[in-house]
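Let me begin by presenting the structure, written as structure tokens, before commenting on it.
Every number here is computed from the coordinates shown, using simple stated rules; none is lab data. As the structure is a computational prediction, the values presented were derived from the model and not from experiment. Cβ atoms come from the backbone with ideal geometry, glycine included; neighbour counts cover every protein chain shown.
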Amino acid sequence: QKEVEQNSGPLSVPEGAIASLNCTYSDRGSQSFFWYRQYSGKSPELIMFIYSNGDKEDGRFTAQLNKASQYVSLLIRDSQPSDSATYLCAVNNMGGGNKLTFGTGTQLKVEL
Amino acid sequence: GAVVSQHPSWVICKSGTSVKIECRSLDFQATTMFWYRQFPKQSLMLMATSNEGSKATYEQGVEKDKFLINHASLTLSTLTVTSAHPEDSSFYICSAVQRSYEQYFGPGTRLTVT
């Protein structure tokens, strides 16, 4: 079973703080890693993807990948109440074609 | 770029009837689209992979005769829920692959079967 695991949360952070969301995956052959944001009642929105070890920054978001530890994270700087949502980690597994395996998501609450 | 639309956004139908949901990639061609279902407070569940010009591939436990998928062109895939029952009420979401496994989701279709 190729799994992607996330802490369901909720993760509560104060406005302006850094939110750190974590994800581990079991398939060592995974090549591509994605973070999606899903607001309640809405569909997921792609916010970041990363393919190589290290950090990738896009605005307030930084994705971090460590293939040796099978770990990918998402940092959100200067968290805003509008960042409150469920964040889904997704991984493309070897031999899975274009399919992604999704984690169950981490609920983030940014408090005023 | 990478915009995916779905129609309708919500639908209410009577038990035993069929409902068709359309998924379109508006600004790119997608040889592969996916159909997901999501129940309240649960994670996405992949139902099937839709490939342009070929039969869909269904995930284990998904009835292919109940959930008919047609991927007639590089920008359009349809999901038809046949003989719908109340337990089919859910949020149906499609996604389209633009490149290198990047999936972009449509806004979803909320189906209620009465």
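Brief remarks follow.
- Within the stretch B:1-74, the GluC sites (Glu not before Pro) that combine a DSSP coil assignment with at most 12 other C-beta atoms in a 10 angstrom radius are B:63.
- Extended-chain gain in nm, criterion 0.36 nm per residue less alpha-carbon gap, residue B:41 and residue B:70: 7.6 nm
- Evaluated at q = 0.11, 0.16 Å⁻¹, the base-10 log of the normalised Debye intensity for the protein assembly as shown, with identical point scatterers placed on the Cα atoms, takes the values -0.55, -1.11.
- Rg(Cα) / (2.2 N^0.38 Å) computed for chain B, rounded to two decimals: 0.99
- Unit charges at the beta carbon, dipole of chain B: most positive-side option, B:97, B:68, B:16: B:16
- A cysteine counts as unpartnered when no other cysteine's C-beta lies under 4.7 Å of its own; in chain B this applies to B:13.
- FRET E, pair residue A:112, residue A:8, Förster distance 25 Å, beta-carbon r, rounded to 0.05: 0.60
- Computed log10 I(q)/I(0) for chain A at 0.16, 0.20 Å⁻¹: -0.67, -1.02, from the Debye equation with unit scatterers placed on every C-alpha and solvent omitted.
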